[in-house]
Amino acid sequence: MTTSSSSASSTSSIWGGRFESGPSAVMEAINASIGFDKRLYRQDIAGSRAHCKMLAAAGVISDADRDAILTGLAQVEQEIETGVFEFKTALEDIHMNVESRLKELIGEPAGRLHTARSRNDQVATDFRLWVRDATDRAQAQLKALITALIGQAERHAATVMPGFTHLQAAQPVTFGHHMLAYVEMFGRDLGRFADARRRMNECPLGSAALAGTGFPIDRFMTAAELGFDRPMANSLDGVSDRDFALEYMSSAAITSVHLSRLAEELVIWTSAQFRFVRLPDGYSTGSSIMPQKRNPDAAELIRAKAGRVIGDLNALLIVMKGLPLAYSKDMQDDKEPVFEVADTLDLSLLAMTGMIAELTANVDRLRAAAGAGFTTATDIADWCVRALNMPFRDAHHVAGSIVKMAEQRNVGLEDLSLADLQTVEARITPEAMKVLSVDYSVASRTSYGGTAPANVAEQVARAKARFLEG
């Protein structure tokens, strides 16, 4: 067969005898994926090893061919890892680059490796293995972040701070309680990744192009060799499913939203107007013109990167939404968004873990802010309910009138006298004065999940057992 160029010749040889000439330069450029899917080389070689061993065990290839293939694959892997392997765009993808080099190394036995499989089930297996690794990595990084958050919660179980709704001072809470809220968020993320991993742990290898194969293969052997729980039950689904990638990205997107919310709080808390916490120097930057600036750039970048992860998830959802069974070339565009999500999530989790582990809470400033904005108003209402048997709506009105008095005088609730309170409700006794303290307020919140320091200490122990042990 004669072609217009050597690259066209090598490419058309991949496709076999169906084509008389190679692709145009534009077709070669749009069709090639080696520029990004070379990241799958470890998974591709692992899949080929498993397939090779199975073919030999099933009597499809000889033991001699098996040994030659395995030896060659080991050399290919070493060449890639040491940086001497030459990736060729004309060979389109990682699968054909590996197979072509294998043929150069061992000759004819290399051509037997592709027996009873297709690039369709090969890439589905490689990609699933890669996403499984990324999922494991995300779980490990989430545990590290949860550990850092629990550490802060343990140190600050009794450190009072203002709790907010609508970013307005609401009720006093503890800094430890606030940190544990994020432990719960990231704990759910941990569970989502674990659930996704269980579902993705089925092996597509052996589905071949779409219909399975007539060779006497043992799909359970290859699945076990690659650490899967079982082979996928339907060959059409095996080559066309990308739910595993979508679930990974969906879990990553929700995690990124949680990271962004925490990052936003760090940006607010480090401002001169709040001064609740101080970030370590390693996660802050200065200004080229303003020497006083200490910018929380790492937090801001994490906040921004959530948009990239959400966008990549949306991109793959759109790729998949209209595809008929089984494989379509559209699915080649599944990898770049997943790779970008993994890179972004890895970096964001590492940066957030570093910031949380090393941040310093400004305990005095947090305490001073805890009572600002009349945050113990609900406590006086609750006292009226308990001590005076007052309906809560009436008690709410009493507390609101007390707040109005303090606001008009430009003082805090704790600065009002008993006589002041009795002008609003004559039955108020000296006992009511203690409930205006922020320490009393947080200590009284003993309901399950509440902010009382004793609760926080208990929840720290539970969080360690739920998320970090076993």
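The values are calculated or read from the model by the stated rules, or taken from the named source; none is laboratory data. Only a predicted model underlies this, so the values are computations on that prediction, with no experimental measurement involved. Using ideal geometry, Cβ is built from the backbone for each residue, glycine included, and neighbour counts are taken over all protein chains shown. Accessible surface areas use protein heavy atoms only, side chains included; no ligands, DNA or RNA. Shrake-Rupley method; radii C 1.70, N 1.55, O 1.52, S 1.80 Å.
Taking the accessible area of segment 373-469, probe 1.4 Å, and keeping the other protein chains in place, the carbon and sulfur fraction comes to 52%. Seen from all directions on average, segment 373-469 presents a Cα convex hull projection of 7.1 nm². Fully extending the segment from D136 to A465 would add 116.5 nm, taking 0.36 nm per residue of separation and subtracting the current Cα-Cα distance.
Taking 0.692 mPa s as the viscosity and 37 °C as the temperature, the Stokes-Einstein diffusion coefficient of segment 46-162 based on its alpha-carbon Kirkwood radius rounds to 190 µm²/s. In the chain, the DSSP-assigned H stretches of four residues or longer account for a calculated mean residue ellipticity at 222 nm of -20000 deg cm²/dmol, using -39500 (n - 2.57) per stretch and the full residue count as denominator. Computed with a 1.4 Å probe over protein heavy atoms only, the accessible surface of the chain comes to 46 Å² per residue. Pick out, in residue order, every one of the trypsin sites (Lys or Arg not before Pro) in segment 399-469 that is DSSP loop and has at most 14 other C-beta atoms within 10 Å; say none if there are none. For trypsin sites (Lys or Arg not before Pro) across segment 399-469 that sit outside H, G, I, E and B with at most 14 neighbouring Cβ atoms in 10 Å, the list reads R427. Compute the long axis of helix 335-358 from its Cα atoms, compare it with the longest principal axis of the Cα atoms of the chain, and write down the angle in degrees, 0 to 90, nearest 10. With rounding to tens, the tilt is 40 degrees.
Computed from the Cα positions only, the extents of segment 212-331 along the three principal axes stand at 73, 33, 23 Å, in decreasing order.
Computed with a 1.4 Å probe over protein heavy atoms only, the accessible area of D121 comes to about 0 Å².
Taking label points 7 Å from Cα along the Cα-to-Cβ direction, S62 and F220 give a separation of 3.0 nm. Computed with a 1.4 Å probe over protein heavy atoms only, the accessible area of K38 comes to about 80 Å². What separates the Cα centres of segment 401-470 and segment 26-52 is a distance of 61 Å. DSSP beta bridges fully contained in the chain are about 80 percent antiparallel.
Taking a straight line from the alpha carbon of K143, these aspartates and glutamates sit under 17 Å away, with near neighbours fewer than eight places off in the same chain left out: D133, E154, E184, D189, D195, D346, E358, E469. Legend: translational diffusion of the chain by Stokes-Einstein, Rh = Kirkwood radius over C-alpha pairs, 20 °C, 1.002 mPa s; D = 81 µm²/s. To the nearest ten degrees, helix 453-463 and the longest principal axis of the Cα atoms of the chain are 10 degrees apart. Axis of helix 119-155 versus longest Cα principal axis of the chain: the two differ by about 20°, to the nearest ten degrees.
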